[in-house]
Amino acid sequence: MAPEALQNVHLRRIWWALSTPSFLDLPDSAHYFHDDQHRALIAELLAKQDQEGAKVNAHFEAQVPQVMGRYFEQLILYVLELDPHYEVLAANVQIIEAKITRGELDLILYDKQKDQKRHWEVALKYYLQVGEDGNHHNFLGPSRRDFLGRKMEKLRKLQLPLSDHPQIKAAYGDLKSELFLKGELYYPWAKNPILPDQAQAEATPYYFLSLNQLKELYSESQGRFCILKKPDWIGSYFTKNSSECLSFSELEEELETEFQRIYRPQLIAKMMENPNSLKEEKRYFIIPEGWPNSKTANN
C-alpha cells in the first residue's frame, strides 16, 4: 500500500512505521508483521479507519501535547489496539522503588500468533553522520545532544534489561525484550555513504548538505519545497495545500532566517506536483555554516 493511499496523516505515519525497515539490523529488533497475510490485514484495517478520519484525528487531538518520540509511541499503540494478532498488556510501565522511578517499559504485549509475551522499547531517531567510519558514535542528532552510540548503549544496558526486574517478572512473567527502532540516517552529500556498524541493507540512505550545495541541485525554476517541522518528519510528506510549499528563493530566505534563530539542521522536502496534491520526492537535512562544530550545543 502506498502511503498516499491513506488520507489521514496519523494513519499514513503508522503505515510508514510498520512497513519501513529499521536503519540497523539487530538480533533483538522487533518485527511487526508476522507474514504477508498479516501485512495485508493491517493495510485493510487502516484503510477502514481512514474512512472515519475525523475520529482518528479526535483521538490524537485529545492527548496532551507530546514530544515526537512519545507521539510515535502512541501511533504504535493505536494500531496494536486494532490488531487481532496482539494484545496490549500494558504501556509505559514504571518501576518504582522507595518512591523513586527506576525505569519505564514502553510496551508489554501478548503475541497471540507466537503465544509469547513481548517487551518493546520504541524509539524514533534521526542522525547525521559526522565521523569517518561506521562507529555508532559518529552519528549525531540534529540538536547535537544525542549520538546513536549513546542511544544504543542506553537501550541495551538500561532499557531492554528492565524486563528482568523482579517487579516486572512478578506482574508479567518472562518477556522477550525487543527494540522497535525506526528513523533515518543522513550522510554527507556527494560522498559515498559510510554505513553504520550493523547497518540494515534495505534502509534508504538520505543526505545532508549546506544551502550553497543545495543550489547546485536546484534552481528557482525547479519545483516546490517544504520545510518539515516535527512530527512531519515521520514518513513521506504529502499535502493538498500548495500554499505550504515554497519556491527555491523563498526556501533560501526561510532557511537563512531559521539559522539565525536556531543553530540546527533543518529538514526539507522537495515536492512533486500531482493533480490536486503535492507529494514528497526527496528529503534532505540542510545544515548551517560550520555545523556541527560552531556555536554552543544549547542553541
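Name the single residue that is nearest to the chain's Cα centre (by Cα) among those in region 153-210 being of a type in the set (D, E) and crowded, with 16+ Cβ neighbours inside 10 Å. Walk me through how you get there before you give the answer.
Residues of region 153-210 that are of a type in the set (D, E), as a first pass: 153, 164, 174, 178, 184, 197, 202.
Of the ones still in play, those that are also crowded, with 16+ Cβ neighbours inside 10 Å are 178, 184.
Details: E178: 17, E184: 7 Å.
The selected residue is E184.
Taking the condition in contact with a strand residue (DSSP E or B) (Cβ under 9 Å, 6 or more places away or on another chain) and either assigned to a helix (DSSP H, G or I) or surrounded by fewer than 18 Cβ atoms within 10 Å (Cβ to Cβ) (or both), does T257 pass?
Working: in contact with a strand residue (DSSP E or B) (Cβ under 9 Å, 6 or more places away or on another chain): no; either assigned to a helix (DSSP H, G or I) or surrounded by fewer than 18 Cβ atoms within 10 Å (Cβ to Cβ) (or both): yes.
Considered against the rule, which asks whether it is in contact with a strand residue (DSSP E or B) (Cβ under 9 Å, 6 or more places away or on another chain) and either assigned to a helix (DSSP H, G or I) or surrounded by fewer than 18 Cβ atoms within 10 Å (Cβ to Cβ) (or both), T257 comes out as no.
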Note to self: Please go through region 98-127 and give me each residue that is of a type in the set (K, R) and either at pLDDT below 95 or not in a strand (DSSP E or B) (or both), ordered by number.
What the structure shows: K99, R102, K112, K114
Check: Are any residues in region 1-29 at pLDDT below 95 and in a helix (DSSP H, G or I), and if so, which ones?
Finding: P3, E4, A5
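I need the full set of residues from region 203-243 which are at pLDDT below 90 and either part of a strand (DSSP E or B) or closer than 16 Å to S277 by Cα (or both), in order please. Break it down stepwise before answering.
From region 203-243, those at pLDDT below 90 are 215-223, 240-243; that's our starting set.
Answer for region 203-243, where residues must be at pLDDT below 90 and either part of a strand (DSSP E or B) or closer than 16 Å to S277 by Cα (or both): G223, K240, N241, S242, S243.
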Notebook entry, point to check: For P65, which of the numbered conditions (1) more than 23 Å from Y172 (Cα to Cα); (2) assigned to a helix (DSSP H, G or I) fails to hold?
Noted result: (2)
Item checked: Qualifying position, being surrounded by 15 or more Cβ atoms within 10 Å (Cβ to Cβ) and either assigned to a loop (DSSP other than H, G, I, E, B) or among the small types (G, A, S) (or both), among Y32, Y71 -> Y32
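The values are calculated or read from the model by the stated rules, or taken from the named source; none is laboratory data. Given the structure is predicted, the values throughout are model-derived calculations rather than measurements. Using ideal geometry, Cβ is built from the backbone for each residue, glycine included, and neighbour counts are taken over all protein chains shown.
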